[in-house]
Each structure stands twice: as structure tokens, then as C-alpha cells.
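Asker: To start, I am sharing the structure in question, which I have written as C-alpha cells.
The values are calculated or read from the model by the stated rules, or taken from the named source; none is laboratory data. Fair warning: this is a prediction, and the values are worked out from it, not measured in the lab. Positions of Cβ are generated from backbone atoms using ideal geometry, with glycine treated the same way; all protein chains shown enter the neighbour counts. The protein model used for the area step is the full one, side chains on, heavy atoms only, and it has no ligands, DNA or RNA in it. Shrake-Rupley method; radii C 1.70, N 1.55, O 1.52, S 1.80 Å.
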Amino acid sequence: MIAPKNANMNKAKAVKNDEFYTLLPDIENELYHYRHHFKDKVVFCNCDDPEMSNFWKFFQNNFDFFGLKRLIATHYAPSDLFETRTAYKIEIIRGKDINGDGNPDRHDIIETPLKQKGDFRSQECINILKQCDIVCTNPPFSLFRRYIDLLIEYKKCFLIIGNNHALTYKETFKHIQNNLLWLGYTNPKQFKQPDGTLKKFGNVCWYTNIIHKKRNETLILYKKYDSSEYLHYGNYDAINVDRVADIPCDYEGEMGVPVTIIGKYNPKQFKIIGLLRYLPKNDKLRKLDKQGNKTNNIFTDKAVPIAQNGNSATVYNCETGEYYREIAHRVIIKHKNPQTKESEK
């Protein structure tokens, strides 16, 4: 009997470690940029305990200001020793009281028990998802891949928070490449943990598929291509650009640029070709053992820059024949309308 209890406690502990509650000011700073998108819409917060969630608090307080039609949240309650309340759905419906009578000035809160723990992957929550227009929440970072795929599968508008490392997940990047996903306006820096303490992050951002002003801003470029300044990859037909600001405005071929380009990406200006892992020239490399783990052996690569497909966890040094842990990612882009001499006339 002891083993199952310990397993249950460990599972519950893992769930708690994945809970980070978004601060209200961070929600306010981002959401007000999208206000006109929410009018007469059904909003679903499917990873939110209303007693703790500032997403629920924000939409409840701004229900009329945003002109919402309906607000829904589902509370996740796993079967463990720490959870004392069952899962439930809570909602506010415009123009109806609890008996369904028309009353546009009254918005009663209706609570309904859930049978499947309130997990966003459950069929019960998916059925609710089908009824909504916009999803807005802070999903578990560990389940981000599955979460974003679910929203795109059911063709939902969304505004959610995630780790910016997810930009380079192959599952996420394909949506970015296909213009089904992009970044929002701001970057939350602190989150509240279940014990009430604050945890700081430097790598969190908003993900959305809702058009906003920054999405269509043209990136102003001033540098011209110089073959002596922009190195060419050793095994991929593209040049390397170390800073987004240094993207040459007149280069017609493919360019490998930092991942930060995604926050400034305008699909009318560039086309995303793919994602590479990149080994900078003269950078220190850490050799891997046979299991793919880093060793204490450090080398310096003096060959040309090396690039390899982003599906691989390592890069290959053609000079030494050794495999090394990747150093950085590069997004491969191409100008749609490069500022060549002919286009400048």
C-alpha cells in the first residue's frame, strides 16, 4: 500500500512544480492590445482554478468592458492526496440569469461539476473547447507541445503564455513557419507559485494567432551585403547573421538569423525557410561521449561555420570528425522583396 501512495505523492509534487500563476498586471498589459477581438466572443480559460487564476479575475472584472458573450473556466483536480476539491466548470453568460431568463444587465456565475478531472486533454474539456472562440490562459509548460497542437487542431484563436524555448520545438516551429502562431506584445517576468512566493523568469513570452499591430510592422534594415563580413555556412547554402539588426537589406539568398527574429517577424517582409542548429566560427565546443552527454573536453573550432538540420541534438565537425553539443539555433529566412539596386530605382 505504501508504494502507490508514494507514487501518487510524487505525481502530485510534479504537478505543483508546473503551476505558476500569472500576475494580474502582466495580463492587463497584454490583453488590452486585443480588446476589439473579444467583443461578443466566448472565452475559455481551460487551465485555471478560478480561486487562484488572475485570468478568470481579469475577464470577470472586464466582462462588459470587453463585451464578452460568455466566460468559461475549468478547474483541474487530479486524484491525489493534496487536492480536496473536485474538478468543476465555472461560467458567466451575458444576458441570462441562472434560470436562463433574459436580463442583459445581470451575469450570474454558474458552477458545474466535471467528471474527468478538468484536464484540458480530456474529452469533457475538449467538448467545451469546441464551443469557445478564444482561449486565454497559462498552460503547464511541460505540456506546451500538446496544448498548442490541440488549439490549432480545433482552429481556435488563442492568447497564451509559454517558455520561449518552445520557439525551437519542432512541433511549435512548424506552426510559426506556417503563420499559424506568433509572439505577442510583452514578456511576463514574474509568476506566483502555489505557496505564495514569486518566481522570476527571463525566458517567458506570449504566444498568439490573433493579429496585432506589431505583427505587421516592417523591420527597418540599413546594412548592405558584404561577402567579407557575412560568413557562409560550410554545409548549407545560406549566410550567417549574428544580430537581427545586421540583416542585409539587399541579400537575395537565404540567411541564418537569431531566434529573436520571431518577435519581429513580418510575413509580408520575410519568408521563414526552416530552423538550423549552428556552430559559430572560433567558438568553444564541448565534446560528447558515446551516450551523447557533455564531457570536460573542450575544443576550439577554426573551420568555417557548421550548420545541421534542427531535428538533430548534436552537430558534426567536419574538421575533426567528432560530434558536439549544438551552440545556438538559427532561423533561416529570405527576403520577399530585397532592396536590390533595381528595386531602389
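Asker: Evaluate the following for residue 147: is it in contact with a Cys (Cβ under 9 Å, 6 or more places away or on another chain), farther than 20 Å from residue 30 by Cα and not acidic (Asp, Glu)? First the steps, then the outcome.
Answerer: Working: in contact with a Cys (Cβ under 9 Å, 6 or more places away or on another chain): yes; farther than 20 Å from residue 30 by Cα: yes; not acidic (Asp, Glu): yes.
In short, yes.
Asker: Give the number of residues within the stretch 130-170 that are open to solvent by 40 Å² or more (accessible area, probe 1.4 Å), over 13 Å from the mean Cα position of the chain (by Cα) and either closer than 18 Å to residue 75 by Cα or in contact (Cβ under 8 Å) with a residue 24 or more places away in the chain (or both).
Answerer: Selection size over the stretch 130-170: 5.
Asker: Based on what the data block shows, is residue 231 more than 21 Å from residue 264 (Cα to Cα) and under 25 Å from the mean Cα position of the chain (by Cα)? Working first, answer last.
Answerer: Numbers: more than 21 Å from residue 264 (Cα to Cα): yes; under 25 Å from the mean Cα position of the chain (by Cα): no.
So residue 231 does not fit the description; no.
Okay, residues lined up against (1) loosely packed, with under 14 Cβ neighbours inside 10 Å; (2) in contact with an Asp or Glu (Cβ under 6 Å, 6 or more places away or on another chain); (3) at pLDDT 95 or above:
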{"site": "5", "(1), (2), (3)": "yes, no, no"}
{"site": "9", "(1), (2), (3)": "yes, no, no"}
{"site": "22", "(1), (2), (3)": "no, no, no"}
{"site": "27", "(1), (2), (3)": "no, no, yes"}
{"site": "34", "(1), (2), (3)": "no, no, yes"}
{"site": "44", "(1), (2), (3)": "no, no, yes"}
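Asker: I want to confirm something. Restricting to the stretch 113-129 and keeping residues that are closer than 8 Å to residue 87 by Cα and either hydrophobic (A, V, I, L, M, F, W, C) or crowded, with 19+ Cβ neighbours inside 10 Å (or both), which single residue is farthest from the chain's Cα centre (by Cα)? Even if it seems obvious, please write down each step before you answer.
Answerer: Step one: of the stretch 113-129, the residues closer than 8 Å to residue 87 by Cα are 113-118.
Pick out the ones that are also either hydrophobic (A, V, I, L, M, F, W, C) or crowded, with 19+ Cβ neighbours inside 10 Å (or both) and you get 114, 118.
Numbers: 114: 28, 118: 22 Å.
My answer is 114.
Asker: Report yes if some residue within the stretch 117-124 is small (Gly, Ala, Ser), touching a helix residue (DSSP H, G or I) at 6+ places or on another chain (Cβ under 6 Å) and at pLDDT below 95; otherwise report no. I'd like the intermediate steps shown before the answer.
Answerer: In the first step, residues of the stretch 117-124 are kept if they are small (Gly, Ala, Ser); the result is 118, 122.
From the residues that got through so far, the ones that are touching a helix residue (DSSP H, G or I) at 6+ places or on another chain (Cβ under 6 Å) too are none.
Among the residues of the stretch 117-124, not one is small (Gly, Ala, Ser), touching a helix residue (DSSP H, G or I) at 6+ places or on another chain (Cβ under 6 Å) and at pLDDT below 95, which makes the answer no.
Asker: Follow-up. Here are the criteria: (1) of a type in the set (Lys, Arg); (2) at pLDDT below 80; (3) open to solvent by less than 90 Å² (accessible area, probe 1.4 Å). Tell me which single one residue 70 does not satisfy.
Answerer: Unmet for residue 70, out of (1) of a type in the set (Lys, Arg); (2) at pLDDT below 80; (3) open to solvent by less than 90 Å² (accessible area, probe 1.4 Å): (2).
Asker: I need every pair where a residue in the stretch 252-271 that is more than 14 Å from residue 328 (Cα to Cα) has its Cβ under 7 Å from the Cβ of a residue that is open to solvent by 10 Å² or more (accessible area, probe 1.4 Å) and of a type in the set (S, T, N, Q), sequence separation at least 6 or different chains.
Answerer: 252/340; 266/216; 266/218; 267/179; 268/216; 269/218
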